[in-house]
Amino acid sequence: MKVNLIIIFLIISNAVVAQKDSVIRSLVRDVPVWMAQNHVPCAGVGLIENGRLKWLKTFGNLQQGYPAPANTLFNIASQTKPVTAMLTLKLIEAGLWNLDEPLSHYWIDPDIEGSPYLDQITTRIVLSHQTGFPNWRTDNGGTKLRFNFEPGTRFGYSGEGFEYLRRALESKFHQPLNVLMNAYLFKPLGMTNTQYWSNNLDTSRFALWHDGQGKRYSISIQTGVSAADDLITTVEDYCKLGIAAMSGIGLPDTLFADMTRPQVKIKENYYRGLGWGLVKGLPNGEYALEHGGSDVGVRTMAVFLPKSKSGVVVMTNADNGMFVTDQVIKCALPFGAQILETMNKGTGVHERITVPDGVIKSYTGTYAQGNGKLMKVEQDGNAIKVSGDGLPTAVLFPESNSKFFLEGYDVQLEFPDTHSLIVYENGKQVMKINRR
């Protein structure tokens, strides 16, 4: 009997190993195909298994004629936010910071001085995106910061919130954010390739930005220190961060529980914890920590499964990179498709219809965003194709004469007239722009 059990164990173990090796073979075969289909010059993939980096590979070119090395540097845009969150939690663990202390004790933005909401802005509120601030103050059509809703009452994704936290941290510790990150996070975790832009950056291995057609953007690498954006790192270093996050990074049990506990609901089985998106309802009691990055010529994504200590990190240097990152996640993780479906599931039902040809033609043209970026709307059969600065090239289908939806994602466009359009994500208006 004992011999039979050993044989059964070996058979099962060999089958699991074969399955995982099959995933790697599939990625090696398919990632270049997905990149070519979506005009993505460079992609890096890291797989984590049992709390260790199992496999790492970089595909493609930094730019035309420059093959990407294994240690390619990527701008990771909003994937900076979980890094800021992990730093802050380490400061709390060390007894140097308080999760629920009002940030007004250290910083008050002059634009909102005198607001009755000031003492309601805490680190917990910032890390769970409940500040009431817009993503960026310019989203409200001006240059001044203001509240869109009372802090702590609902979810509202906000880079401004993280920048508010940065100001408070720097005020208390009298050190810039990058110095704090290096001391409390990067050095302890061995993230030796993670930094903000500096004269010491090895630009010979930096993945330059590309648009939805695979053409290189003429963007400066020189970006400032931000708690919300523009950190530069490698796939391997971000895997180190994910491994640390899944293991609790040395945090007390109560603080780790706070990090991985739903702080605010976004939609069914999708929440925000502290610094991470949380996907619940997965098989065997599993849950996912996730965060992506999206900016001009940047699309990145990371998903970590704390119970099984597995995960995937994907980085790309193109506006269409999301169509590659999603395919990698579906291939790499056993619940990858379910995780993406939960995150991208629409708040309503969208059914494709046919609209008169003249209706679609009336919407075509170039629309100008408040920050100067342009969005191009073209006809694509009985649908519209959008592209532009920092936007994926995507086809949206009509659900009415004025509303169009992107299949597989909770993104919709509405044309209230032929001179403007409104962008919705997760059922909420995120942008209204006018035709140029």
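The values are calculated or read from the model by the stated rules, or taken from the named source; none is laboratory data. Model, not experiment: these values are computed from the prediction. Please note: Cβ atoms are built from the backbone with ideal geometry, for glycine as well, and neighbour counts cover all protein chains shown.
Of everything listed in (1) touching a His at 6+ places or on another chain (Cβ under 9 Å); (2) within 28 Å of Met322 (Cα to Cα), the single unmet condition for Thr203 is (1). Within the option set Phe162, Phe133, Phe147, being touching a residue at least 60 places away in the same chain (Cβ under 8 Å), among the hydrophobic types (A, V, I, L, M, F, W, C) and over 15 Å from His105 (Cβ atoms) holds for one residue only, Phe162.
Taking first residues from region 36-56 that are in the same structural domain as Pro334 (by TED's automatic domain parsing) and farther than 18 Å from Phe74 by Cβ and partners that are assigned to a strand (DSSP E or B) and modelled with pLDDT of 95 or more, the Cβ contacts under 6 Å between residues at least 6 apart in sequence or on separate chains come to Glu49/Ser310; Lys54/Leu47. Note on region 281-321: residues that are under 17 Å from Asn38 (Cβ atoms), among the hydrophobic types (A, V, I, L, M, F, W, C) and modelled with pLDDT of 95 or more total 5.
Yes or no, residue by residue, for (1) surrounded by 21 or more Cβ atoms within 10 Å (Cβ to Cβ); (2) in contact with a Lys or Arg (Cβ under 9 Å, 6 or more places away or on another chain):
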position: Glu101; (1), (2): no, no
position: Tyr106; (1), (2): no, yes
position: Tyr117; (1), (2): no, no
position: Gln120; (1), (2): no, no
position: Arg124; (1), (2): no, no
position: Ser128; (1), (2): yes, yes
position: Trp136; (1), (2): no, no
position: Leu145; (1), (2): no, yes
position: Phe149; (1), (2): no, no
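When Gly60 is tested against (1) outside the structural domain of Val235 (by TED's automatic domain parsing); (2) outside any loop (DSSP other than H, G, I, E, B); (3) among the small types (Gly, Ala, Ser), only condition (1) is not met. In region 150-172, the condition of being of a type in the set (A, V, I, L, M, F, W, C) and in contact with a strand residue (DSSP E or B) (Cβ under 7 Å, 6 or more places away or on another chain) is met by at least one residue.
Just one of the listed residues (Gly358, Gly381, Gly346) is free of Cβ contacts under 8 Å to residues at least 60 places away in the same chain, surrounded by fewer than 21 Cβ atoms within 10 Å (Cβ to Cβ) and not in a helix (DSSP H, G or I), namely Gly381. From the list Lys307, Lys267, the lone residue that is surrounded by fewer than 21 Cβ atoms within 10 Å (Cβ to Cβ), on the phi < 0 side of the Ramachandran plot and free of Cβ contacts under 8 Å to residues at least 24 places away in the same chain is Lys307. Look at (1) part of a strand (DSSP E or B); (2) over 20 Å from Thr300 (Cβ atoms); (3) touching a helix residue (DSSP H, G or I) at 6+ places or on another chain (Cβ under 6 Å) and you find that Pro392 fails only one, number (2).
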